[in-house]
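A.B. asks: Take a look at the following structure, please.
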Amino acid sequence: MKKSMEIIHKPYGIDDPYINFPGIERYPRDPLINDEVRIDFQATPILGQRGWIEYQFDDQEYESRAQFQNNVGEMAQWCGFIPCAKVGTKVQYRIRVGTGKKRSYTSKWYCYTVKEWKEDILKEKLIFRGNGDINRINKIEFLTDGKNIYNFKISIKRKDGEKFFGLGEHYEDFEITKGIRYVHVFDQYKVQRERAYAPVPFLFSNKGFGILINSGFRTKWDFSSNDIKIEIETLGIPVKNKIEINLWENDNMKDSISNIYKISQPKVPPIWVFGPWMSANEWNSQKKIERVIQKTTEFDIPATVLVIEAWSDEQTFYIFNGAEYKEKNGEQAFALEDFNFKEPWPNPKKMIEELTQKNIKLILWQIPVLKYYDQFEKQHKNDVDYALKANYVLKTKDGDHYRIPKGRWFENSVVVDFYNEEASKWWASKRRYLVEELGVAGFKTDGGEHLWGRDLISVDSELESTQLRNLYPEKYFETAKSIQKDKLILFSRSGYIHTPNNTLFWVGDEDSEYEALKSNIIAGLNVSLSGNPFWGWDIAGFSGDLPEPDLYNRSCELAVFTPIFQFHSEHPGDPVPSAERSPWNMADYYKNNQIIDNYRFYASLRMNLSPYIFQEAKASVEECRPLTYPVWLDNSNLYDQPLAYFFGRSIIVYPKISKQYDEDKITLPYGTWLSLWEGEWVQSKEEPINYNSKGYHPVFLKKGSIIPLSIDKSKGLGESHWSQDFNAILIVDDLENYIKSDDCLRQYHAAIDKIKREFGKKDVMIGFPSNKGERIIGIKWITI
């Protein structure tokens, strides 16, 4: 037969639990004893076509006829079967297509080894740590071919009334009831539901139970009414190293969560991180950035961070687009003096200086791939050639350079092997001038979800290759952070157990829809419950048509009480109309300047609250607890308030995602609370109440709290404010209950002095709430 015959068969697809390749995979991918194995494939159709599966059981040869199914496009669809075999049997097979044996074409040989499940605790492969009760485990099974150990199954008893939470990022709900979940780093473009950029194999319950599978292997969690079955999936790779499993028993859910925080070890970012961020993918020139700076000044809109995604040549991702330079060999790094900057970025240094004058930090977009082009240009070709020759990229078991599969983001590109110390230093060195000479404050370290399949090879020979998928983001961020370890800020989408140690986080791509807003809040809170306190989302969504004003305003208000406050938009270039989610573009599109006034109020309030957020961020890290967490974490009586959450220890937020929720009753935790918008004191006995708020979302301050602020003494909360400097304290108490203000001040004296010491300030303004504000509480200053 002519060699033009094509046979397509991918036994494992791309080894993904969410994506399969119908018509060309093997079912099951990893056969067990008693499994009849189905072989699906496609082949070039021919007249009189026939197909066979030729297979060998331990060197004994057999064949079976394949069955034609139908035509799919220009290919014929076939399936064949291989009978079940005993454990340990090494099965090799290939596909033959033609009109007869003499006029036929064969595929390459494929193979698998038959396995079975056995029951044993296997202490030589599993290490149990923590104070948990090992008797919560019903059964431990391991998958074997009679020679090596592969997967493990761990069955956990479920107690009566036990509710389970955790597993890092997921978007549909907090409690995990029934069904299957995977902890598998995955790039899901919008509508994520149970799929996660940043999953964590950590689970906890309302009965004090906690478990962490401290491994990079993919895990499958099967929830039923009786038990939880956890499968550690090695994807056919024998287990070489011991797998650590942490079991905990705690008195409450917060203590359970503290266990994962002690392992993830998040770091407190500088206070400027907690101001308003601005971003738009269409900001692809210095002129556009200068226009943004001009608009923030014109409309008096404070900001502390500006993110530029479309800044680079889109090949190296470390050279500004339009820059002229003399090419270097791929090993060498550039310095600022090597560039002659031209349009669209004629003077990045001047641009950054202008941002700095307004106390705005610059974040630049990054990716960990060496992008593929049909025709490479300039420096990028030198870099790629050098990286391939130096083995700085991930490879496959057959020795080829690993390439991202077709149909996935950055398809056919190679991926830097950050487990190679020299490769990490090389990648970081290329970007060092951006930080040390230009003054870039950080990177938006996008991606990290690029590794597909079980055939990957890293320079780290001790690490099983199928752990790379989940662990890769950790090495990526560790490398980026090494450029300036103590100061550089990273803002990332993918993540795993230890990523909070190096990066902030956003919950991924979403549409400008109310449902998406709800999903983002759920995902962010789930992340916070699993060891990552510093998260955000794109205000009102970044994709699709511009959000309607109600959604935009609701999102802006809610973002005030989220760890990261940022607007961002997807469309690149010069879309018409502009997709930019800036308040001035929204106002221009809807012919409504009130949008600008609203945004200014929210951004200024965010600046006012920055000292409080910074203080609570430090407490979160030091005390190993979330910065944001659902109210039911403290009180199971509040499960009927699923979205309500604490923002730090003193502020509680009741999100009203859309107008349909505006009339919903709320239940406050027991105690006395002050409504932030109205200035009303509410005594709660944990009974549902109707509360009509002046804001979109009812927000309350806990009585007795001390809120550090940044505020001009002549202005109220939410009036235009560009500073984050701590200079004031709001005591959340009712002065009318005291004969003299000094009587009230006296009981807070120690706490006030403690905050002053923490911020290094001696003299601050001290005030109490009043209800005289127009859209928010006023402050009655007692001492200045």
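The values are calculated or read from the model by the stated rules, or taken from the named source; none is laboratory data. Worth saying up front: this structure is predicted, and the values here are computed from it rather than measured. Note that we place each Cβ from the backbone using ideal geometry, even for glycine, and neighbour counts take in every protein chain shown. Calculation scope for accessible area: heavy atoms of the full protein, side chains included, ligands and nucleic acids excluded. Shrake-Rupley method; radii C 1.70, N 1.55, O 1.52, S 1.80 Å.
A.B. asks: Please specify each residue of segment 19-37 satisfying the condition of being open to solvent by less than 30 Å² (accessible area, probe 1.4 Å) and either under 27 Å from Tyr189 (Cβ atoms) or out of contact with any Pro (no Cβ under 8 Å at 6 or more places or on another chain) (or both).
C.D. replies: Quick first cut of segment 19-37, residues open to solvent by less than 30 Å² (accessible area, probe 1.4 Å) only: 23-26, 31, 37.
If the condition is that a residue be open to solvent by less than 30 Å² (accessible area, probe 1.4 Å) and either under 27 Å from Tyr189 (Cβ atoms) or out of contact with any Pro (no Cβ under 8 Å at 6 or more places or on another chain) (or both), then Gly23, Ile24, Glu25, Pro31 are the ones that fit.
A.B. asks: If you go through segment 561-616, how many residues are part of a helix (DSSP H, G or I) and either in contact with a Cys (Cβ under 7 Å, 6 or more places away or on another chain) or not basic (Lys, Arg) (or both)?
C.D. replies: Of all residues in segment 561-616, those part of a helix (DSSP H, G or I) come to 583-590, 594-616.
In the following step, the residues that additionally are either in contact with a Cys (Cβ under 7 Å, 6 or more places away or on another chain) or not basic (Lys, Arg) (or both) were identified as 583-590, 594-599, 601-605, 607-616.
Residues flagged as part of a helix (DSSP H, G or I) and either in contact with a Cys (Cβ under 7 Å, 6 or more places away or on another chain) or not basic (Lys, Arg) (or both) within segment 561-616 amount to 29.
A.B. asks: Just one of Lys397, Lys381, Lys430, Lys425 is over 26 Å from the mean Cα position of the chain (by Cα), within 27 Å of Glu327 (Cα to Cα) and among the charged types (D, E, K, R); which is it? Talk me through it step by step, then tell me what you get.
C.D. replies: Values: Lys397 fails: within 27 Å of Glu327 (Cα to Cα); Lys430 fails: over 26 Å from the mean Cα position of the chain (by Cα); Lys425 fails: over 26 Å from the mean Cα position of the chain (by Cα).
Going through Lys397, Lys381, Lys430, Lys425 in turn, just one is over 26 Å from the mean Cα position of the chain (by Cα), within 27 Å of Glu327 (Cα to Cα) and among the charged types (D, E, K, R): Lys381.
A.B. asks: Specify which of the listed residues (Gly531, Gly536, Gly508, Gly541) is assigned to a loop (DSSP other than H, G, I, E, B), farther than 23 Å from Phe418 by Cβ and under 16 Å from the mean Cα position of the chain (by Cα). Write out each step before concluding.
C.D. replies: Numbers: Gly531 fails: farther than 23 Å from Phe418 by Cβ; Gly536 fails: assigned to a loop (DSSP other than H, G, I, E, B); Gly508 fails: farther than 23 Å from Phe418 by Cβ.
Step by step, each of Gly531, Gly536, Gly508, Gly541 is checked, and only Gly541 is assigned to a loop (DSSP other than H, G, I, E, B), farther than 23 Å from Phe418 by Cβ and under 16 Å from the mean Cα position of the chain (by Cα).
A.B. asks: For the condition open to solvent by 60 Å² or more (accessible area, probe 1.4 Å), among the aromatic types (Phe, Trp, Tyr) and farther than 21 Å from Arg606 by Cα, what is the one hit in Tyr670, Tyr691, Tyr748? Quick ask: steps written out before the conclusion?
C.D. replies: Numbers: Tyr691 fails: open to solvent by 60 Å² or more (accessible area, probe 1.4 Å); Tyr748 fails: open to solvent by 60 Å² or more (accessible area, probe 1.4 Å).
None of the other options fit; the residue is Tyr670.
A.B. asks: Any idea which of Lys361, Lys349 is open to solvent by 70 Å² or more (accessible area, probe 1.4 Å), touching a helix residue (DSSP H, G or I) at 6+ places or on another chain (Cβ under 6 Å), touching a residue at least 60 places away in the same chain (Cβ under 8 Å) and not β-branched (Val, Ile, Thr)?
C.D. replies: Values: Lys349 fails: touching a helix residue (DSSP H, G or I) at 6+ places or on another chain (Cβ under 6 Å).
Every option except Lys361 fails the conditions.
A.B. asks: Take Thr479 and decide whether it is in a helix (DSSP H, G or I) and over 19 Å from the mean Cα position of the chain (by Cα). Break it down stepwise before answering.
C.D. replies: On the way: in a helix (DSSP H, G or I): yes; over 19 Å from the mean Cα position of the chain (by Cα): no.
Against the criterion (in a helix (DSSP H, G or I) and over 19 Å from the mean Cα position of the chain (by Cα)), Thr479 does not qualify.
A.B. asks: I'm checking my understanding of the structure. Among residues of segment 45-68 that are polar (S, T, N, Q) and at pLDDT below 95, which one is most open to solvent (accessible area, probe 1.4 Å)? Reasoning before the result, please.
C.D. replies: First pass over segment 45-68, keeping only residues polar (S, T, N, Q): 49, 56, 60, 64, 67.
Then keep just the ones that are at pLDDT below 95; that gives 49, 60.
Numbers: Gln49: 50, Gln60: 111 Å².
Out of the qualifying residues, it is Gln60.
A.B. asks: Right, Phe491: modelled with pLDDT of 95 or more, buried (at least 21 other Cβ atoms within 10 Å of the Cβ) and in a strand (DSSP E or B) or not? Full working, then the answer.
C.D. replies: Numbers: modelled with pLDDT of 95 or more: yes; buried (at least 21 other Cβ atoms within 10 Å of the Cβ): yes; in a strand (DSSP E or B): yes.
For Phe491, the condition - modelled with pLDDT of 95 or more, buried (at least 21 other Cβ atoms within 10 Å of the Cβ) and in a strand (DSSP E or B) - is met.
A.B. asks: Take the residues of segment 702-722 that are open to solvent by 40 Å² or more (accessible area, probe 1.4 Å) and under 32 Å from the mean Cα position of the chain (by Cα): which is farthest from Gln747 (Cα to Cα)? Step through it out loud before you land on a result.
C.D. replies: Initially, segment 702-722 is screened for residues open to solvent by 40 Å² or more (accessible area, probe 1.4 Å), giving 702-703, 712-715, 719, 722.
Within this subset, residues satisfying the condition of being under 32 Å from the mean Cα position of the chain (by Cα) are 702, 722.
Working: Lys702: 16, Trp722: 32 Å.
Applying the filter and picking the extreme gives Trp722.
A.B. asks: Condition check: of a type outside the set (S, T, N, Q) and farther than 17 Å from Phe165 by Cβ. Does Tyr661 satisfy that? Explain how you work it out, then say what you get.
C.D. replies: On the way: of a type outside the set (S, T, N, Q): yes; farther than 17 Å from Phe165 by Cβ: yes.
Answer is yes for this residue.
A.B. asks: Keeping to segment 285-308, report how many residues are under 21 Å from Phe341 (Cα atoms) and either crowded, with 20+ Cβ neighbours inside 10 Å or touching a Leu at 6+ places or on another chain (Cβ under 8 Å) (or both).
C.D. replies: Taking segment 285-308 as the starting set, the residues that turn out to be under 21 Å from Phe341 (Cα atoms) are 285-293, 306-308.
If we keep only those that are either crowded, with 20+ Cβ neighbours inside 10 Å or touching a Leu at 6+ places or on another chain (Cβ under 8 Å) (or both) too, we end up with 286, 289, 292-293, 306-308.
Residues meeting the conditions: 7.
A.B. asks: Going residue by residue through segment 438-445, is there one that turns out to be crowded, with 18+ Cβ neighbours inside 10 Å, in a loop (DSSP other than H, G, I, E, B), at pLDDT 95 or above and of a type outside the set (A, V, I, L, M, F, W, C)?
C.D. replies: Looking for residues that are crowded, with 18+ Cβ neighbours inside 10 Å, in a loop (DSSP other than H, G, I, E, B), at pLDDT 95 or above and of a type outside the set (A, V, I, L, M, F, W, C), one finds none in segment 438-445, hence no.
A.B. asks: Scan segment 512-523 residue by residue and report those that are surrounded by fewer than 24 Cβ atoms within 10 Å (Cβ to Cβ) and either in contact with a strand residue (DSSP E or B) (Cβ under 6 Å, 6 or more places away or on another chain) or small (Gly, Ala, Ser) (or both).
C.D. replies: Answer for segment 512-523, where residues must be surrounded by fewer than 24 Cβ atoms within 10 Å (Cβ to Cβ) and either in contact with a strand residue (DSSP E or B) (Cβ under 6 Å, 6 or more places away or on another chain) or small (Gly, Ala, Ser) (or both): there is none.
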